[in-house]
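Read the structure below first, then the notes.
The values are calculated or read from the model by the stated rules, or taken from the named source; none is laboratory data. All values reported here derive from a predicted model rather than from experimental measurement. Neighbour counts run over all protein chains shown; Cβ positions are idealised from the backbone, glycine included.
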Amino acid sequence: MNKPPTVMQVLKGRCCDHAESMSYEIDGRLSWPARLLLRIHRYSCIGCRAYYRSLLAIRAAARAIGGRGAEVGAGVKTGMPEDAKARIAAKLREPR
Ligand SMILES: [Zn+2]
């Protein structure tokens with residue numbers, strides 16, 4: 001999916017479709033009606049709830065080790081080679 005799903009796509013989606021929608025939600029790229037439908041679905045779906053929590057944990061970990069966008073990896077001693085940090089930062093800056 002190249003752009004955020006519409007409300008109807010979220011409404012008709014299966015759990016495997018919601019995984020990508022939740023990623024858009026976390027990135028702030030999902031419309032509020034679609035977010036609402038996803039939240040309603042998560043309320044009744046333990047699998048999607050667990051997946052969403054894991055996405056939040058991954059985001060928190062990524063922020064903890066280096067922030068977002070151009071700040072990724074800056075000044076953080078992770079043991080990761082500098083060229084690898086630069087490649088990851090460049091990928092994160094690419095338009096979606
Ligand atoms: Zn689900």
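Numerical summary
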quantity	calculated
Filter result (surrounded by 15 or more Cβ atoms within 10 Å (Cβ to Cβ), under 20 Å from residue 59 (Cα atoms) and of a type outside the set (A, V, I, L, M)) within the stretch 1-28	4, 18, 21, 23, 24, 25
Members of the stretch 60-83 found to be farther than 24 Å from residue 23 by Cα and modelled with pLDDT of 80 or more, listed by number	82, 83
